[in-house]
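Chemist: What follows is a single structure, and I will ask about it in a moment.
Laboratory data are not the source of any read-out in this text; all were calculated from the coordinates shown. On a predicted model such as this, the values are computed, not experimentally measured, just so you know. Virtual Cβ from ideal backbone geometry, glycine too; neighbours counted across all protein chains shown.
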Amino acid sequence: KIQELLAHVEDLKAKNAEQLELLRIKYLSKKGVINDLITEFRNVPNEQKRELGMRINEVKTAFQDKINSLRQSLATQEDDHSDLDLTRTPYPIEIGTRHPISLVRDRLIDIFNRMGFTMAEGPEVEDDWHVFSSMNFAADHPARDMQDTFVVEQHPDIVLRSHTSSVQARVMEKTQPPIRVICPGRVYRNEAISSRAHCFFHQLEGLYIDEKVSFADLMQVMLTFSRELFGPETKIRMRPSYFPFTEPSAEMDISCHICGGTGRHGDHDCVLCKGTGWVEILGCGMVDPNVLELNGIDSKKYTGYAFGLGLERIANLLYRVRDLRLFSENDKRFLEEFMAAH
Ligand code: PHE
């Protein structure tokens, strides 16, 4: 029996504290196997008692040791948190969506990158020179009026840029032609906030300066990008306009992508183009030679074109957003509508 028990001791296993307690009761308690041995021991002849007593003690110690070591390893298992991921959030993670303005910006970046335009950047807090003077605004030009532009009161030379054309100046002052850049960014204007106006919005500026750049080049790039964005049937038209930094200047329309330029939707006028068949999308023109000279570029050698478009405007055309304020309110119901547009 003793032999059997000793052979068995190493096989003892306990997965948890309850199983371990059952083992202890089975072998080491008052009514346990080993106490039974001790009871039997009393009936053994005296001359065998010494030898047998030692063997029984041996078994008892073996079981005590085994059960103690099982208890030890159970305890260290409980302390072992190596499978615990403390970076996990305690609640299910909600997946966000890309903002419609980012979606439009990234599509435009992609289109213009493929036509060889690289990215340029400039600060949102700018000086008067880069926003206005270097862009050929006369000292008394109404766009410099405090009504439109946010100005630092103690520092009237510092403004929040009111258009991304300031980045044109930032690029020209450090680079000689050929220049072919786009600059997306946020701009600020002191407008009362409504469904149709906001005190900040986003633009994407384009600038191309090289030898012999013509208005035809501008038209072709505008046509290509419009067709990429609004479909291969899209037409463009230029209407004469005025900007201080371009000459000639134009406002560009695209044929309405909702009614296909017909202006009609069944028996009523198209809601988007109001029956005209055209929607306005951007301002552009040939860089005024004055602007080239003001920014250190030889206007006899080089010509260029520039364009500036509003990202909210494009997003409105693509996604029919009716209230500009939705773009900056972060209402999840609005943002989740763009889940599928990724
Ligand atoms: N900066 C002009 C605006 O904000 C847009 C523009 C950019 C026009 C470049 C012509 C050339 O309205």
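Chemist: Past 30 Å, Cα to Cα, is the threshold; run Lys174/Lys212; Lys212/Lys274; Lys15/Lys60 against it and keep the listed order.
Modeler: Going by Cα-Cα distance, Lys212/Lys274 fall outside the 30 Å limit.
Chemist: Considering the Cα trace of segment 274-342, what is its radius of gyration and what is Dmax, both in angstroms?
Modeler: Cα radius of gyration and Dmax of segment 274-342 are 18.8, 54 Å respectively.
Chemist: So, counting K/R as plus one and D/E as minus one, what does the shell of residues with Cβ under 13 Å around Lys300 add up to?
Modeler: Combined, the nearby Lys, Arg, Asp and Glu give -1.
Chemist: In deg cm²/dmol, rounded to 500, what helix-only [θ] at 222 nm does the chain give when every DSSP H run of at least 4 residues adds -39500 (n - 2.57) and the total is split over its residues?
Modeler: -11000 deg cm²/dmol
Chemist: Still on this structure, I have one more. Segment 58-139: D in µm²/s via Stokes-Einstein (Kirkwood Rh, Cα pairs, 4 °C, 1.567 mPa s)?
Modeler: 61
Chemist: Also, I was wondering about something else. Restricting to bridges with both residues inside the chain, how much of the DSSP beta-bridge set is antiparallel, in percent to the nearest 5?
Modeler: The antiparallel proportion sits near 95 percent.
Chemist: Ranked highest first by the average count of other Cβ atoms within 10 Å around their residues, in what order do 44-52, 319-327 fall?
Modeler: By packing density, highest mean first, the sequence is 319-327, 44-52.
Chemist: With 25 Å as the cut-off, how large is the P(r) tail for the chain, expressed as percent of Cα-Cα pairs?
Modeler: Roughly 67 percent, rounded to a whole number.
Chemist: Just to confirm a number: summing +1 for Lys and Arg and -1 for Asp and Glu over residues other than Glu21 whose beta-carbon lies under 13 angstrom from that of Glu21, what do you get?
Modeler: +3
Chemist: Compute the long axis of helix 17-28 from its Cα atoms, compare it with the longest principal axis of the Cα atoms of the chain, and write down the angle in degrees, 0 to 90, nearest 10.
Modeler: Long axis of 17-28 versus the principal axis of the chain: about 10 degrees.
Chemist: Give me the percent of DSSP beta bridges within segment 118-277 that run antiparallel, rounded to the nearest 5.
Modeler: Rounded to the nearest five, the antiparallel share is 90 percent.
Chemist: What does the highest-first list of 277-289, 166-178, 95-107, 13-25 look like by mean Cβ count within 10 Å?
Modeler: Per-residue mean Cβ counts within 10 Å order the peptides as 277-289, 166-178, 95-107, 13-25.
Chemist: Separation of segment 258-294 and segment 110-127 by C-alpha centroid, Å?
Modeler: The distance from the Cα centre of segment 258-294 to that of segment 110-127 comes to 23 Å.
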